[in-house]
1. So what's Rg/Rh here for the range 64-121, counting alpha carbon atoms and using the Kirkwood radius for Rh?
2. Under 12 Å from the 7 Å Cα→Cβ point of residue 68, by amide nitrogen: which residues of the range 170-202?
3. Give me the percent of Cα-Cα pairs in the range 179-235 that sit more than 15 Å apart, rounded to a whole number.
4. Give the relative contact order (percent, whole number) for the range 150-236; include only Cα pairs under 8 Å separated by 6+ residues.
5. Roughly speaking, what is the centre-to-centre gap between the range 63-109 and the range 173-211 when only Cα atoms are used, to the nearest Å?
6. Counting alpha carbon pairs within less than 8 Å and at least 6 residues apart, what relative contact order, in whole percent, applies to the range 2-231?
7. Sum -39500 (n - 2.57) across every DSSP H segment of at least 4 residues in the chain, then divide by the residue count to get the 222 nm mean residue ellipticity, nearest 500.
8. Ranked by Cβ crowding within 10 angstrom, fewest neighbours first, how are 70, 76, 40 ordered?
C-alpha cells in the first residue's frame, strides 16, 4: 500500500496486522532512503543501523516468501522512499494499492513533526502519482485507490471494498486492534506513532481548520494536482 507521510497508513497497517492470516512490514525502504538522501529525520542514524540500506535486498524480501507462513503480506510503503534509481519492475509481482489524503491536512500535520527544510518531494504526492502511472501502464492491475477521509467515515464499508478489489475476504478483526507499539513497527515508532499507539480503531473523521502556511502555497498546489488525479479513481 503506497501512501505519503502523515496519512492513516500506520492505522491501516494495524488493521491488516490484526488479521490472523497476514504478516506486515513497516516502511522497508526507509533506511535505504535515509542513506541515499542524507535527510535529517528524527532518529535517522538508528533507522539506518536497524534497517536494510540496499534497495535490491529490500526488493528481494518484498517479493519473496510471505513471513511466518502467512497467506497475505501487507507492505506499508512510503511513496517518497521509492527513489528514481530503484527498479520499478518488481511492482508487477505485488498487488499495489494507493492510500491518499487531502494535501492540506497532510502538510499541516507534517510541519508539526518535522519542519526542517520541507520540500515538495518530502510529501510524496508527486511520487505517488508516478508510481500509480507506472503500475497502470506496465501491469494488468487496476490498482485500487482509497481516500483516508472515506475510511474514517465508514471503515467497514471501505475495507470491504478494498478487500474485494484485492481479491481477499474481509475479516471483522480489521476494524479494531489492541493499543500499543508492535514488534513489527519500525524503530522510528517513538518519534511518529504516539497517536496510533493509543488507538484501538480508525478514528472518526474530523474536518481540519488549520490553514496551509502561505510559504507552502506553491507546494500545496502541486500536491493537490496529484491528489485530485488519483481521487478520480478512488473506491467509493
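1. 1.06
2. Within reach of a label on residue 68: 182-185.
3. So the portion of pairs separated by more than 15 Å is 70 percent.
4. 33
5. Taking the Cα centre of each part, the range 63-109 and the range 173-211 sit 18 Å apart.
6. Relative contact order comes out at 28 percent.
7. Mean residue ellipticity at 222 nm (helix-derived): -12000 deg cm²/dmol.
8. 40, 70, 76
Every number here is computed from the coordinates shown, using simple stated rules; none is lab data. Everything quoted here is computed from the prediction, not taken from an experiment. Cβ coordinates were reconstructed from backbone atoms using ideal geometry, including for glycine residues, and neighbour counts include every protein chain displayed.
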